[in-house]
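Worksheet for the structure shown next.
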Amino acid sequence: MDESRLWLVFTVVCIASIIGLLEYEDKIDIFGEKNSSENETDFDTSDEMHDLGKFCMTHENLAMHFHPTISIFIDGESMDIPKDLGIDTELCPSTMHMTHTHDSSGKIHVEGHQEVDVPLEVFFDVWGVHFDENGIFDYRGGTISMTVNGAESTAYQNLILEDSQNIVISYTSN
């Protein structure tokens with residue numbers, strides 16, 4: 001075998017090795033084995049805090065203060081909403097986030113120094129848990145539904161919070 005063929009074989013082996021390593025490390029999917037919907041449902045909305053969730057405040061000089069209520073059911077079982085969620089956190093020591101609770105009733109306090117549209121995502125980001133059309137908490141792959149004041153809603157994390165809303169989120173495992 002002449003020298004140019006040896007280099008060709010060497011180059012092909014190196015390229016195949018690199019491609020194999022990238023496939024093994026899940027950097028590429030050359031065999032089409034990964035389902036794109038699996039990757040979408042693995043996404044976790046709690047990985048990044050919504051900008052409105054980063055504001056820390058006190059009860060002074062509020063331009064906005066209202067209360068929606070949320071209930072969450074997993075496979076028919078009611079989930080607890082934490083008391084004092086969003087109050088005196090690592091990000092907001094001795095203060096509170098724009099969305100927070102004072103008790104475990106599901107009443108969300110939405111407060112701000114100016115009137116802004118606050119999506120439901122802010123509440124879940126402050127809580128540090130996932131919620132979108134693919135699932136809630138660590139539950140994925142089942143059926144999720146949301147009603148607002150008794151009417152079906154597909155706004156999920158994008159729902160703009162309003163006073164006296166009754167938000168019910170239900171997740172059912174398949």
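For segment 135-174, max minus min Cα coordinate along each principal axis, in Å, sorted largest first?
Principal-axis extents of the Cα atoms in segment 135-174, largest first: 32, 16, 13 Å.
If I measure Cβ to Cβ between cysteines in the chain, which ones have no partner under 4.7 Å?
C14
Scan around T69 for amide H atoms under 5 Å from its own, H built in the peptide plane at 1.01 Å from N, and keep only partners 5 or more places away or cross-chain.
Amide H neighbours of T69: I108, Q165, N166, I167.
What is the percent of Cα-Cα separations in the chain that go past 25 Å?
Details: 6927 of 15051 pairs.
Result for the distance tail: 46 percent.
Between Rg and the Kirkwood Rh of segment 71-141, both from Cα atoms, what is the Rg to Rh ratio? Let's see the in-between values first.
On the way: Rg = 12.9 Å, Rh = 13.1 Å.
Value, to two decimals: 0.98.
Apply the Karplus parameterisation 6.51 cos²θ - 1.76 cosθ + 1.60, with θ equal to phi minus 60°, to every residue of segment 82-93 and state each ³J(HN,Hα) to the nearest whole Hz, in sequence, with x for glycine and proline.
x, 6, 6, 5, x, 10, 6, 9, 4, 6, 10, x
For E133, list long-range residues whose amide hydrogen, built 1.01 Å from N in the peptide plane, is under 5 Å from its own amide hydrogen.
Q157
Using alpha carbon centroids, what distance separates segment 45-105 and segment 132-160, in Å?
18
Bear in mind these aren't lab numbers, they're just calculated from the coordinates by the rules spelled out. Keep in mind it's a predicted model, so treat the numbers as computed, not measured. Every residue, glycine among them, receives a Cβ derived from its backbone with ideal geometry; neighbour counts consider all protein chains shown.
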